[in-house]
Structure formats: C-alpha cells, structure tokens
Amino acid sequence: MDDFDVFLSHNSKDKPAVRRLAKALQRRGLRVWLDEWQLVPGRSWQEALESIIRSAKSVAILIGKEGLGPWEQPELRASLNQQVRRKLAVIPVFLPGLKETPKLPLFLQNLTWVDLRNGFR
C-alpha cells in the first residue's frame, strides 16, 4: 500500500473545493488520498476506506457549506478510533464557502482546526 500523508474525508457535495484543496496539498509535497484518484473500479470502496484510515498519517475532516456527508460520519468515527489507538492526527478543516464557524461534533471540538473559509492557494 502507498504511504499517504492525508486522507480527505468529505461530503461529495463539496467536491469542487475538495479537489482544489487536494491539488494545493500536492503542490506542497503531500501525498493525498482522494477517493476519485485512488478508488479502483470493481473493488470494494468500503475496504479501501478502512485501509486508508488504518494507514494514513492524518485524516482531514473537511466541513463545507453542505455539512458532514453521510459517509463522512462513519469515517469520522473510525478516524477518532485510530486517533486513540495509534495517535492518528485528525484535523477538522473549514472549507471555502462556509459562512460561520460550524458546530462541530463533540469529539472534534477539542481538536485544533484549519480555517480555509477565506480561501487557499
């Protein structure tokens, strides 16, 4: 398995901003795991998500104007489990387009977040 610096957990409705962020992170030399870049047709995407959450160096929980997506919820729970088990960095990230600071789920509230609401390069 490839060694990824960050897994981008996101709501598919925020995909344009997620793609821009993924490319910006790559330009900074990070190995980014993004579903549409890494998932293999004909293979179980749930197994791929489990594998990357077990092996990534960090997980960015991306929060846009659409809020957390339906699959982002279990990804968040699995990531927090790995944070306890192996000290995985779980990073809440506020995406461009988000107007106010969102109310974070309880277990994300004590984590330092990254605020990209004003954009990124």
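If I filter segment 2-13 for residues that are over 24 Å from Asn118 (Cα atoms) and either at pLDDT below 95 or under 10 Å from the mean Cα position of the chain (by Cα) (or both), do I get at least one hit?
Scanning segment 2-13, I find at least one residue that is over 24 Å from Asn118 (Cα atoms) and either at pLDDT below 95 or under 10 Å from the mean Cα position of the chain (by Cα) (or both), so the answer is yes.
Can you name the condition, by its number, that Thr112 falls short on among (1) within 19 Å of Asp3 (Cβ to Cβ); (2) touching a Pro at 6+ places or on another chain (Cβ under 9 Å); (3) hydroxyl-bearing (Ser, Thr, Tyr)?
Only one criterion is unmet by Thr112, namely (1).
Might you let me know whether segment 28-44 holds any residue that is modelled with pLDDT of 95 or more, surrounded by 14 or more Cβ atoms within 10 Å (Cβ to Cβ) and closer than 14 Å to Leu88 by Cβ?
Scanning segment 28-44, I find at least one residue that is modelled with pLDDT of 95 or more, surrounded by 14 or more Cβ atoms within 10 Å (Cβ to Cβ) and closer than 14 Å to Leu88 by Cβ, so the answer is yes.
Which condition from (1) open to solvent by less than 20 Å² (accessible area, probe 1.4 Å); (2) modelled with pLDDT of 95 or more is the one that Gly69 breaks?
Of the numbered conditions (1) open to solvent by less than 20 Å² (accessible area, probe 1.4 Å); (2) modelled with pLDDT of 95 or more, the odd one out for Gly69 is (2).
Rundown of residues vs (1) in contact (Cβ under 8 Å) with a residue 12 or more places away in the chain; (2) surrounded by fewer than 16 Cβ atoms within 10 Å (Cβ to Cβ); (3) not acidic (Asp, Glu), yes/no style:
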{"position": "Ser79", "(1), (2), (3)": "yes, no, yes"}
{"position": "Arg86", "(1), (2), (3)": "no, yes, yes"}
{"position": "Val90", "(1), (2), (3)": "yes, no, yes"}
{"position": "Pro96", "(1), (2), (3)": "yes, no, yes"}
{"position": "Pro102", "(1), (2), (3)": "yes, no, yes"}
{"position": "Leu106", "(1), (2), (3)": "no, yes, yes"}
{"position": "Gln109", "(1), (2), (3)": "no, yes, yes"}
{"position": "Thr112", "(1), (2), (3)": "yes, yes, yes"}
{"position": "Gly119", "(1), (2), (3)": "yes, yes, yes"}
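The values are calculated or read from the model by the stated rules, or taken from the named source; none is laboratory data. Since the model is a prediction, treat every value here as computed from it, not as a measurement. Heads up, the Cβs are rebuilt from the backbone with ideal geometry, glycines too, and the neighbour counts pull from every protein chain shown. Surface accessibility is based on the protein's heavy atoms, side chains included, excluding ligands, DNA and RNA. Shrake-Rupley method; radii C 1.70, N 1.55, O 1.52, S 1.80 Å.
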